[in-house]
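What follows is a single structure, written as structure tokens, with notes after it.
Each value in this text was obtained by applying a stated rule to the coordinates, not by laboratory testing. None of these values were measured; they are calculated from a predicted model. Ideal geometry is used to build each Cβ from the backbone, glycine not excepted, and the neighbour counts take in all protein chains shown.
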Amino acid sequence: MEKITSFLRVRMSAKDAHYGGNLVDGAHMLHLFGDVVTEVTVKVDGDEGLFVGYDKIEFTAPVYAGDYIEASGEVIKMGSTSRTVELVAKKVIAARPDISASAADFLDEPVVVCKAIGTTVCPKASKRK
């Protein structure tokens, strides 16, 4: 199977912070995964398809306003209409509010903040590829 991937990088803003200490809720990583899976389905099927669910989700590190997150996905299984995608979100830049309001560090080693396996389906009638 040809390697099929998607990738995006996003800065978490103050409006993304949901909890005290500017902590971003984990559901925001799932929102990013939804965009990654949509791109995968467009690449494969020429249609956005429908994200039908997760088989596994792990939140592994906190995310704060000002952090930069890279979300990526790779198709690991192809059915006739379904695609199973392995998803990873990594923090690549960490906000440093302990130093100043605008300080940040580019991380030498990205920190995995969330991992998941998701399934998307493109109905046969919608497939263009």
- Task: Using Cα pairs closer than 8 Å and at least 6 residues apart in sequence, work out the relative contact order for region 1-121, in percent.
- Result: 30 percent
- Cα centre as origin, Lys/Arg/Asp/Glu Cβ charges: the chain dipole, Debye: 480 debye
- Message: Helix-only mean residue ellipticity at 222 nm, the chain, DSSP H runs n ≥ 4 weighted -39,500 (n - 2.57), per residue, nearest 500. What is it?
- Response: -5000 deg cm²/dmol
- Message: Please report the projected area of the chain's Cα convex hull averaged over all directions, in nm².
- Response: 8.4 nm²
- Query: In the neighborhood of residue 47, defined by Cβ-to-Cβ distances under 13 Å, what is the net charge if each Lys or Arg adds +1 and each Asp or Glu adds -1?
  - Reply: +3
- Task: Could you count how many Lys pairs in region 28-129 have their Cα atoms under 13 Å apart, skipping same-chain pairs fewer than 8 positions apart?
- Result: 5
- Query: If you stretched the chain out fully between residue 102 and residue 55, how much longer would it get, using 0.36 nm times the residue separation minus the C-alpha to C-alpha distance?
  - Reply: 13.2 nm
- Task: Can you tell me the 0 to 90 degree angle between the C-alpha axis of helix 27-45 and the longest principal axis of the chain, rounded to 10?
- Result: 30 degrees
- Each label point is 7 Å from the Cα along the Cα-to-Cβ direction; what then is the distance between the points at residue 124 and residue 77, in nm? 2.1 nm
- Task: With a cut-off of at most 13 other beta carbons within 10 Å, and DSSP calling the residue loop, which trypsin sites (Lys or Arg not before Pro) in region 1-50 qualify? Please list them.
- Result: 3
- Message: So for each of 109-115, 76-82 I average, over its residues, the number of other beta carbons within 10 Å; can you give me the resulting order with the highest mean first?
- Response: 109-115, 76-82
